[in-house]
Amino acid sequence: MQNKDFKRRDERLKNNPNLSKKSVEIVHKILSKNDLKAQELRTQYKELGLYVINLMSSPGSGKTTFLESLSTSTDMRFCVLEGDLETNRDAKRLEDKGVSAYQITTGEACHLEAAMIESGFKELQKQCDMGQMDYLFIENVGNLVCPASYDVGASLNMVFLSTPEGDDKVLKYPTMFMCADAVIITKADLIEHFDFSVDNVRRDLDTLRANVPIFLTSSKDAKSIQAVYDFITQKCAQNYHSTHQF
C-alpha cells in the first residue's frame, strides 16, 4: 500500500466518531502491519504465477459449494485456503472432490489476516505442487463485517450473497460490498420462493460502486458456474488487480 493510501485510511479512522484517539492508533497499527504482510504475499503469488481470489460472505452463503462446482464442472487448476473459527469440514469437502485445500482455524477471530494466510499457505505448499496451479482461492471466514477490513493480498475480491439472506444486505453492510469486484448471488433457483429482487441489489450496489458485475448462480446450473469461471479467467488474462483499498 502506498503512502497516499495510508493517508486515506488515517482520514477515515480519524473521522470515525465511534473511535477514540487511542483506538485509532491501535487500529492503524494492526492494519498497517497487515498491509505490509499482504504486499509480501502479492510478491510471492506473482513469483509462483498464482492469481488469487478472495471470497467473502456471511456464513452459509454457498462459497464452498461454489468451489465444489468449479472443481466438477470446469478444468480450472486451483487450490484453496479455507477460513473458519473451528473444524476442517470445508477443507475436507473440497479434498473429497480432489481439490488441494488447507484449513485455517481462527479460534475467535471473525476474519483472515495476511499473517494467517502466510502461515496457511506454507502448509498448503507442502501438500500441493504450486507449479501445477493457476489459481488460489481464499475462502474467508463467514462474516459480512470484519473481512472487509483486512487485505489478504488477493487480486480479485468476490462477495457472495445467497437468495435466502434477502436482497437488502448491500446497504446494510456497505463496507463489505464496497470491496466487491463482483457480486455472486447464490441459490438463484430459490429466488421466486424468497421474493428476492436482483434489481434491488443492482440499485443498491450502484450507489456504492458503479458497474460491479452481478452473477446469478446455482449449483444445479453448470452454465451459471461457467459464467463466473469465464469472468475469473478473463480477469486473470487481463492481469487485473482490484483497486479497492482495505
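For region 120-162 and region 186-246, what is the centre-to-centre distance using only Cα atoms, to the nearest Å?
Here the answer is 18 Å between Cα centres.
How large is ³J(HN,Hα), in whole Hz, for each residue of region 135-144 in order, when computed from phi with the Karplus curve 6.51 cos²θ - 1.76 cosθ + 1.60 and θ = phi - 60°, using x for Gly and Pro?
In residue order, the calculated couplings are 9, 10, 9, 10, 8, 5, 4, x, 5, 9 Hz.
Please enumerate, by chain and number, the aspartates and glutamates with C-alpha under 19 Å from the C-alpha of K92, excluding those fewer than 8 residues away in the same chain.
Cα-Cα hits under 19 Å: E68, E82, D84, E123, D129, E139.
When the chain is modelled as a GNM with alpha-carbon springs shorter than 10 Å, which of T43, T65, T105 fluctuates the most?
The residue with the greatest mean-square fluctuation here is T43.
Using the Kirkwood radius built from alpha carbon pairs, what does the Stokes-Einstein equation give as D for region 110-246 at 10 °C and 1.306 mPa s, in µm² per second?
Rounded to a whole number, D works out at 98 µm²/s.
Let's see if you can work this out: charge +1 on each Lys and Arg Cβ, -1 on each Asp and Glu Cβ, no other charges. What is the dipole magnitude of the chain about its Cα centre, in debye to the nearest 20? Walk me through the numbers on the way to the answer.
Working: 30 positive and 35 negative charges, 173 e Å.
It comes to approximately 840 debye.
For the chain, what does the relative contact order come out to in percent, with C-alpha contacts under 8 Å and a separation of six or more?
In percent, rounded to a whole number, it is 22.
Give me the percent of the accessible area of region 4-238 that comes from carbon and sulfur atoms, probe 1.4 Å, all protein chains in place.
The computed percentage sits at 48.
Counting helices only, and only those DSSP H runs with n ≥ 4, report the 222 nm mean residue ellipticity of the chain as the sum of -39,500 (n - 2.57) divided by its residues, in deg cm²/dmol to the nearest 500.
Numbers: 9 runs with 108 residues, N = 246.
The per-residue figure over the chain is -13500 deg cm²/dmol.
Using a Debye calculation, one point per C-alpha and no hydration shell, please list log10 I(q)/I(0) for region 63-114 at q = 0.19 Å⁻¹ in order.
Each listed q corresponds, in turn, to -0.61.
Using a 7 Å offset from the Cα along the Cα-to-Cβ direction at both S119 and T72, what is the distance between the two label points in nm, to one decimal?
Placing both labels 7 Å beyond Cα along the Cβ direction yields 3.3 nm.
Hey, in the GNM for the chain with a 10 angstrom Cα cutoff, which one of A38, A227, A115 fluctuates hardest?
A227
Please work out which option in [x] 7, 30, 30, 18, 11, 4, 0; [y] 7, 32, 38, 19, 4, 0; [z] 7, 29, 32, 18, 7, 3, 2, 1, 0 gives P(r) over Cα pairs in 10 Å bins from 0, in percent calculated from these coordinates, and answer with its label.
So the structure-derived entry is [y].
Just the accessible area per residue of the chain, please: how many Å² with a 1.4 Å probe?
The answer is 50 Å² per residue.
The values are calculated or read from the model by the stated rules, or taken from the named source; none is laboratory data. All values reported here derive from a predicted model rather than from experimental measurement. Using ideal geometry, Cβ is built from the backbone for each residue, glycine included, and neighbour counts are taken over all protein chains shown. When the accessible area is computed, the model is the full protein with side chains, heavy atoms only, and any ligands, DNA or RNA have been set aside. Shrake-Rupley method; radii C 1.70, N 1.55, O 1.52, S 1.80 Å.
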